[in-house]
Amino acid sequence: MDLATRTGAPISRLPGSDDNNVSPKLSLRKIRLKHIVVSLLLSAFFFFVFCFVALHAYIAWVLSNPVVAPLYSTPKLAKGLEYEDIRFPAKDGSRMMQGWYIPAAGSAKTIVFSHGYGANREESWVPMYDLAHYAHSMNFNVVMFDYGFASQINKDIATGGKKESQQLLGAVQYAKEHGAKEIVVWGFSMGAGTALQAGLVTKDVDAMILDSTFLLEPDTLYHNIKNNIDLPRQPSLEIMKLLFPVLNGTGLGQIPYAKVKAEDYPFPVLFIHGTNDEKAPYPIAEQLAANQTNPYSESWIVEGSHHELLFREHPREYLRRVSAFLGNVQTSLQQSQ
């Protein structure tokens, strides 16, 4: 045995085997590995956030740009009603509207139909032609028109009533300029919610019939999103609130849903709603109806009925209630003269 070994003298090590040379290399590898792991985790997180926001952007874009079928008939072909093709400006002059005018000889009463989201003036599932024929049989002139998002010419985006209320007021103005002394707005779904928004700023409407009222507010927006895809309420609503102004120029805060829900309208309103409405929960219609003090306002909440299908499901009772309401409207107008 070597003397140096026996006496405890340090044994020389091979070059590169010193601890001070090994530790820095291992530490550097660990640091690099940590950086890679952190980078991968951050990349995965930001990719998830991007996909989450992109999904909401897609939903907002789809809601703002509904697919609407083209017109397939006319009042003449569908019900034998003589009509005129009409054009009139929106109340704010933002665009020209297209529609039909069905005159009732010698009548100064007009019903303006306000169709729903994703539909045009025909709104076949209501069905609108049947109600137009009924209105005409009661000696009402009838205005049927397309909102901008349903137009076949210069199609516009859907704004939940902000632009549409001005377009509806243009139709009301058209009826007034063509001799109407009594104007009733008959709205469906978002067309009913749009009518309520228009009713905040006009004195030219004498009554409203509102079927399956849909009012674009955070609660109903999320309710409809959740019906199609199970997303968390937060932060989904906050993301949608940020995206709507970017994609359609209208923020939820620009829709006066709070004012509508608190308004006591000066004219009679008939609210019609089904308890099985999957798009517009019926408690909203109950709340709206409860705010009304006009003695001729009323509501008909139908057990088990669905969104915009109340006429199909209960045709006789539907028309009986509408007829009685319109009779009361005429009585109230006569009393006020």
Per the 1.4 Å probe, what fraction of the accessible area of the chain, in percent, lies on carbon and sulfur atoms? 58 percent
Which of Leu71, Leu40, Leu210 moves most in a GNM of the chain, Cα contacts under 10 Å? Leu40
Added length on full extension, which subtracts the Cα-Cα distance from 0.36 nm per residue, Ile229 to Ser107: 39.0 nm
How big is the gap, in Å, between the Cα center of region 51-123 and the Cα center of region 282-316? 23 Å
Beyond a 26 Å Cα-Cα separation, which of these cross-linked pairs lie in this structure: Lys91/Lys261; Lys91/Lys181; Lys155/Lys226; Lys155/Lys279; Lys79/Lys162; Lys76/Lys163? Lys155/Lys226; Lys79/Lys162; Lys76/Lys163
Can you give the net charge of the other residues whose Cβ lies under 9 Å from the Cβ of Val302, counting K and R as +1 and D and E as -1? -3
Given a 1.4 Å probe and the protein chains all in place, what does the accessible area of Leu131 round to, in Å² to the nearest 10? 0 Å²
Just checking my list [x] 0.99; [y] 1.58; [z] 1.05 against Cα Rg over 2.2 N^0.38 Å computed from this structure; which label fits? [y]
Counting only helical runs of four or more DSSP H residues, what would the 222 nm mean residue ellipticity of the chain come to if each run contributes -39,500 (n - 2.57) and the total is spread over all its residues? -15000 deg cm²/dmol
Solvent exposure of region 166-292 as accessible area per residue, Å², 1.4 Å probe: 37 Å²
List, largest first, the extents of the alpha carbons of region 276-337 along their principal axes, each in whole Å. 42, 27, 14
Where Lys and Arg each count +1 and Asp and Glu each count -1, what net charge lies around Lys261 among other residues with Cβ under 14 Å from its Cβ? -4
I want to check the label-to-label distance for Arg95 and Val38. Put each point 7 Å from Cα in the C-beta direction and report it in nm to one decimal. 5.1 nm
Along the Cα-to-C-beta direction of Thr275, a point sits 7 Å from the Cα; which residues of region 200-230 have their amide N less than 18 Å from that point? 212-213
So for region 107-176, averaging the separation of alpha carbon pairs under 8 Å that are six or more residues apart and normalising by length, what relative contact order in percent results? 34 percent
For the pair Asn139 and Ala290, how long in nm is the line joining their label points, each one 7 Å along Cα→Cβ? 4.0 nm
Please work out whether region 223-337 counts as rounded, prolate or oblate from its C-alpha gyration tensor, where a ≥ b ≥ c are the square roots of the eigenvalues and a/c under 1.5 means rounded, while otherwise a/b larger than b/c means prolate and anything else oblate? oblate
Please give the contour-minus-distance gain from Glu317 to Thr74: 0.36 nm per residue of separation, less the Cα-Cα distance, rounded to one decimal in nm. 84.8 nm
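The values are calculated or read from the model by the stated rules, or taken from the named source; none is laboratory data. Here the structure is a predicted model, which is why all the values come from computation and not from measurement. Quick reminder, even Gly has a Cβ in these numbers, built from the backbone with ideal geometry, and neighbours come from all protein chains shown. The area values use the complete protein model at the heavy-atom level, side chains included, leaving out ligands, DNA and RNA. Shrake-Rupley method; radii C 1.70, N 1.55, O 1.52, S 1.80 Å.
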